[in-house]
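Trainee: Before we start, here is the structure in question, set down as structure tokens.
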Amino acid sequence: MKKTSSGYVHSPSDLITFMQSPFASYMDHFHLEFPEQAVPDEASEQDTLIMRKGIEHEEEFLKTLEADGRDVCRIEQGPQAQAATREAIEAEREVIYQAALTRDGFAGFADFLVRDPATGLYEVWDTKLSKKARPYFLVQLCAYADMLEAIQGRRPHRVRVVLGSGETRAFRTDDSFFYYRRLREEYLRQFAAFDPKNRPFPNPGANHGRWASHAEAYLEEIDHLCRVANIRQSQIKKLEAAGITTLSALAETEATRVPRLDDGIFSALKEQAALQLSSAGLDRPEYRILDQDPEDQRRGLACLPPPSRLDVYFDMEGYPLVDGGLEYLFGACYRDNGEIRFKDWWAFDRESEKQAFESFIDWIVERRIQDPTMRVYHYAPYEVTAVRRLMGRYATREDEVDNLLRGEVFVDLYRTVCEGLRIGEPAYSIKNVEHLYLGRREGAVTDA
């Protein structure tokens, strides 16, 4: 959204922001009116990278159209862009790139307008990095289709998405158009009712975009129950129905039961909240080792195997912005004569990914031959999932991986921590859990 001398101008992106988070939409408006009072979060390196890759995908598709001999009209952005777009439509140019469209206070630049020779109508085509179509894509496309109707007199029958895989998906415009119109009305209603002193509630599960830190601060300010580690939305609703509406209230309640909530779960949530409350401001959070379940000896700390001098501590890093993803770093720590060593395998393309995978598995198998009791420790299921995926992708090291999985060589420490400890932290990610033994990090590297 932006403010001009003649009023406000909205964009399809504003509708998507509102769709994902009315709070973020409100904050955009607040920032527009009071730019000094609310500073949005800086774009992360990943956000910047995704934007750059999206532009590259769009440009590659444009080059493909031109290489195929299509009649492509490029619209130069500027004050004459809308007039140039109308002229291109009237001239029946086959493809119009960066078409400038506007209608009823909304404006934007559609990636492509492509003329359908059978109907004479233009369709809106948009390029997206995603491998599958998402609902908000269609909201954006319908917004452009609505603007396009103002020029050509008829709404296009179809809109299309050019996915990151190269596949082009077509959708009937009317299947999503009326949802788009209702969303647009709700957005404009919130915009018109803007009150700088009345922020909407930031849904804890929503994508608040560049206002994420503001949403988090607001939820902390009101001490919302969503701050309790591992709590579910359904549990929050049951607690609120019972009059327990904040983390502090949950920590301090004398109630022993909540309707429709399992007693054991309620007790665990109450203790979790109490630990978080008492850990506030501490470098090292409080914690409790959970009692072992006598009926299940394979949970928590009890499932940890005896240590081996050949144990390995394993982590992987993946790059999702290529087709199928790329596991670009296999990293392992191990002990060598009492010293901690680090070993890495890097991948920059499919061939080196296969080589890194094979070399890592061979290294683990060799260590296991020396000591069958050795284990590979990792945090959360990603590493095992990736190893299985690579085995299937390259049809290699199948027997070796199968033996490692059957032998329970991989040990998920995230599961161990969640089942064995209760910690006064708002989450159980490794960055939170490490506060137990490292305290609070200082310096540049405070997050993944």
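The values are calculated or read from the model by the stated rules, or taken from the named source; none is laboratory data. Please read all numbers here as calculations on a predicted model, not as lab measurements. So basically every Cβ, Gly included, is an ideal-geometry build from the backbone, and we count neighbours across all protein chains shown. Calculation scope for accessible area: heavy atoms of the full protein, side chains included, ligands and nucleic acids excluded. Shrake-Rupley method; radii C 1.70, N 1.55, O 1.52, S 1.80 Å.
Trainee: What whole-number value in Å² describes the accessible area per residue of the chain for a 1.4 Å probe?
Mentor: Values: 24900 Å² over 448 residues.
Value returned for the chain: 56 Å² of accessible area per residue.
Trainee: Compute the acute angle (0 to 90°) between the alpha-carbon long axis of helix 22-33 and the principal axis of greatest extent of the alpha-carbon atoms of the chain; round to the nearest 10°.
Mentor: The answer is roughly 60 degrees.
Trainee: Turning to a different aspect of this structure: Express the relative contact order of the chain as a whole percentage, based on alpha carbon pairs under 8 Å and six or more residues apart in sequence. The partial results should precede the final answer.
Mentor: Values: 643 pairs, mean separation 53.2, N = 448.
Here the relative contact order equals 12 percent.
Trainee: Now for a separate question. Over the stretch 201-270, with every protein chain in place, what whole percent of the accessible area is carbon and sulfur at 1.4 Å, could you tell me?
Mentor: Solvent-exposed carbon and sulfur of the stretch 201-270 make up 45 percent of the total.
Trainee: For the stretch 355-370 and the stretch 339-354, what is the separation of their C-alpha centers, rounded to whole Å?
Mentor: Cα centroid of the stretch 355-370 versus Cα centroid of the stretch 339-354: 12 Å apart.
Trainee: If you take the square roots of the eigenvalues of the alpha-carbon gyration tensor of the stretch 396-442 and sort them as a ≥ b ≥ c, do you get rounded (a/c under 1.5), prolate (a/b over b/c) or oblate?
Mentor: It comes out prolate by the Cα gyration axes.
Trainee: Just the number, please: percent antiparallel of the DSSP beta bridges in the chain, rounded to the nearest 5.
Mentor: Values: 41 of 54 bridges.
Antiparallel bridges make up about 75 percent of those DSSP assigns within the chain.
Trainee: For Lys238, Lys354, what's the largest-to-smallest order of accessible area, 1.4 Å probe?
Mentor: Working: Lys238 50, Lys354 75 Å².
Result of the area sort, largest leading: Lys354, Lys238.
Trainee: Nearest 10 degrees, 0 to 90: what angle lies between the long axis of helix 135-152 and the longest principal axis of the chain (Cα atoms)?
Mentor: So the helix axis and the longest Cα principal axis differ by about 0 degrees.
Trainee: Another question, if that's okay. At 222 nm, what helix-only mean residue ellipticity would the chain give, in deg cm²/dmol to the nearest 500, using -39500 (n - 2.57) for each DSSP H run of four or more?
Mentor: -13500 deg cm²/dmol
Trainee: Treat each spin label as a single point 7 Å out from the Cα along the C-beta direction, and report the Asp349 to Lys2 distance in nm.
Mentor: 4.2
Trainee: What nm distance separates the two modelled labels at Glu252 and Arg288, each placed 7 Å from Cα along Cα→Cβ?
Mentor: For Glu252 paired with Arg288, the spin-label model returns 1.9 nm.
Trainee: Here's a follow-up. Take every DSSP beta bridge whose two residues both sit in the stretch 293-433, then give the antiparallel share in percent to the nearest 5.
Mentor: Percent antiparallel among DSSP bridges in the stretch 293-433 is about 75.
Trainee: How many percent of the accessible area of the stretch 374-437 is carbon or sulfur, using a 1.4 Å probe?
Mentor: Taking all protein chains in place, the stretch 374-437 shows 51 percent carbon and sulfur surface.
Trainee: Still on this structure: Using Cα atoms only, what is the angle between the long axis of helix 173-192 and the major principal axis of the chain, expressed in degrees (0 to 90) to the nearest 10?
Mentor: 80
Trainee: Now for a different question. Quick check: convex hull over the Cα atoms of the stretch 1-133, volume per residue in Å³, rounded to an integer?
Mentor: Cα-based convex hull of the stretch 1-133, divided per residue, equals 154 Å³.
Trainee: Give the label of the value calculated from the structure for Cα extents along the principal axes in Å, choosing from (1) 96, 49, 46; (2) 77, 57, 42; (3) 71, 59, 37.
Mentor: (2)
Trainee: How many angstrom separate the Cα center of the stretch 113-158 from the Cα center of the stretch 170-211?
Mentor: 20
Trainee: Give the cross-link partners of Lys131 among the lysines, using a straight C-alpha distance below 21 Å as the criterion and excluding same-chain residues fewer than 8 apart.
Mentor: Here the lysines satisfying the reach criterion relative to Lys131 are Lys53, Lys63.
Trainee: What is the packing order of peptides 71-80, 227-236, taking the mean over residues of other C-beta atoms within 10 Å and listing the highest first?
Mentor: Highest-to-lowest ranking by the protection proxy: 227-236, 71-80.
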